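Read through the structure below, which is laid out as structure tokens, and then see the notes.
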Amino acid sequence: MSHKLLKTFLILPASLLTLNAALAAPTLKADVMVTTAIVTVGDMFDGAGLRAEQAMFRSPAPGTAGVVSIEAIRAAAIKAGVTNFDAEGIDKVRVARQGTAIDETILTGLIAADLKNRGILTPGMTAQASFDTMLPQINADNATDPAKLVSMRYMPANGAFAARFVVSGVDKPLDVTGQINLMIEAPHLAANLSAGTVLTPADVEMKLVPLRFAESSGFTSIDQLVGKTLERPSRAGMMLKATDVSDPEVVARNQAVTVYFRNGPMTLTVKGQALNSASLGQPVSVLNSMSKKVLTGVALANGAVEIKAGPINVAGL
């Protein structure tokens, strides 16, 4: 082997080693986003390799960002076992940490869930919380449960509460006080309607009102309203109560009606004139058109009147 060829073989491995070292050097990122409390080698560098999980330094608080100098990065990298990296002219790196802002909506949702578990918040009800002081600006880790309610004292008499929350990624607990206003869906008229209108589902809309107001006003459910008639002219937006409606009339005063008398297999019918209006099942006095006697029965759904079997002179019908 010639001296020149031997020299070439000696140079090639050294060149390959230099090339491999260059290829293996991780590359520094200019902007880093993390989700945990620790910034790792893999967070800071592309191509971090086997040392990707090595910790370098603590990350900023959740929802915030900070700047790290190249000197601090070199020192932390050496401690993590990375002695060589490509900075690509970067002299500082912005490090941000993902977070979830803890606001009144999140805390109110946790309070409502607790009241539901206690059986205080039932279907159709919601809880609105107002806080005595403005909430501090606080961010949680980008976690599934950014905050948890650990304890709450609730006083139903006046709605006052005191609650303690723990926030993911934050060491100090969050203590708040305030008022809870329980709301319930109550039926309201959707449009102006006249007296005697038979209500349909389209005539009623559900709106949230304070539970105490609804209870003191005597509100009712929509099932107890549909199919009933309004007692008086009513305006749109009015909360409906049981006293605002009545059963629809099936017999009108002075209406010609058929009177049925049933006793076992026997059924007798006579014609008459209703002396009063009545809803289904209500008593009706009827003037027999032939005998001119007054009969008393109950209104049927078809507008007829039925006399219940009992001690009655059939011939006197």
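The values are calculated or read from the model by the stated rules, or taken from the named source; none is laboratory data. Everything quoted here is computed from the prediction, not taken from an experiment. Glycine gets a Cβ as well: all are built from the backbone with ideal geometry, and neighbour counts include every protein chain shown. Accessible surface is based on the protein model in full, side chains and every heavy atom, while ligands, DNA and RNA are left aside. Shrake-Rupley method; radii C 1.70, N 1.55, O 1.52, S 1.80 Å.
Of note:
- For Val34, nonlocal amide neighbours, meaning residues 5 or more places apart or on other chains whose placed amide H falls under 5 Å from its own, are Ala96, Arg97, Gln98.
- Within the chain, antiparallel bridges make up roughly 90 percent of the DSSP beta bridges whose residues both belong there.
- Backbone phi angles across segment 108-122, fed through the Karplus curve with coefficients 6.51, -1.76 and 1.60 (θ = phi - 60°), yield HN-Hα couplings of 5, x, 5, 5, 4, 4, 5, 5, 5, 5, 7, x, 7, 9, 9 Hz in residue order; Gly and Pro are listed as x.
- Angle of helix 70-79 to the longest C-alpha principal axis of the chain, folded into 0 to 90 degrees and rounded to 10: 80°.
- A simple charge model with +1 on the Cβ of Lys and Arg, -1 on the Cβ of Asp and Glu and nothing else charged puts the dipole of segment 223-271 at about 160 debye relative to its Cα centre.
- Listed residues Leu300, Leu240, Leu135, most fluctuating in the chain (Gaussian network, C-alpha, under 10 Å): Leu300
- Taken per residue, the accessible surface of segment 45-188 reaches 57 Å², heavy atoms only and a 1.4 Å probe.
- Heavy-atom accessible area per residue - segment 196-263, 1.4 Å, Å²: 56
- Helix-only arithmetic for the chain: the sum of -39500 (n - 2.57) across DSSP H runs with n ≥ 4, divided by the residue total, places the mean residue ellipticity at 222 nm at -5500 deg cm²/dmol.
- Net charge dipole size for segment 113-215 [Lys, Arg +1 and Asp, Glu -1 on Cβ; Debye, nearest 20]: 240
- Projecting the Cα atoms of Asn142, Ala61, Thr27 onto the charge dipole of the chain (Cβ charges, centred on the Cα centre) puts Asn142 farthest toward the positive pole.
- Counting all C-alpha pairs of segment 20-120, share separated by more than 23 Å (%): 39
- For segment 154-159, the Karplus equation 6.51 cos²θ - 1.76 cosθ + 1.60, evaluated at θ = phi - 60°, returns couplings of 10, 10, x, 4, 10, x Hz by residue, with Gly and Pro reported as x.
- Rough spin-label spacing in nm, given labels placed 7 Å along Cα→Cβ, for Lys116 and Gln224: 2.6
- In percent, rounded to a whole number, the relative contact order of the chain is 9, using alpha-carbon pairs under 8 Å and six or more apart.
- The chain - charge dipole about Cα centre, Lys and Arg +1 at Cβ, Asp and Glu -1, debye rounded to 20: 660
- The Cβ shell under 15 Å around Met125 holds other residues with a net charge of +1, Lys and Arg each +1, Asp and Glu each -1.
- Local electrostatic count at Ser59 - Lys and Arg +1, Asp and Glu -1, tallied over other residues with Cβ under 15 Å: -1
- Of the residues Val166, Ser194, Ile184, the one whose Cα sits farthest towards the positive end of the charge dipole of segment 136-226 is Val166 (charges of +1 on Lys and Arg Cβ, -1 on Asp and Glu Cβ, taken about the Cα centre).
- Portion, in percent, of the accessible area of segment 58-188 that falls on carbon or sulfur, probe 1.4 Å: 50
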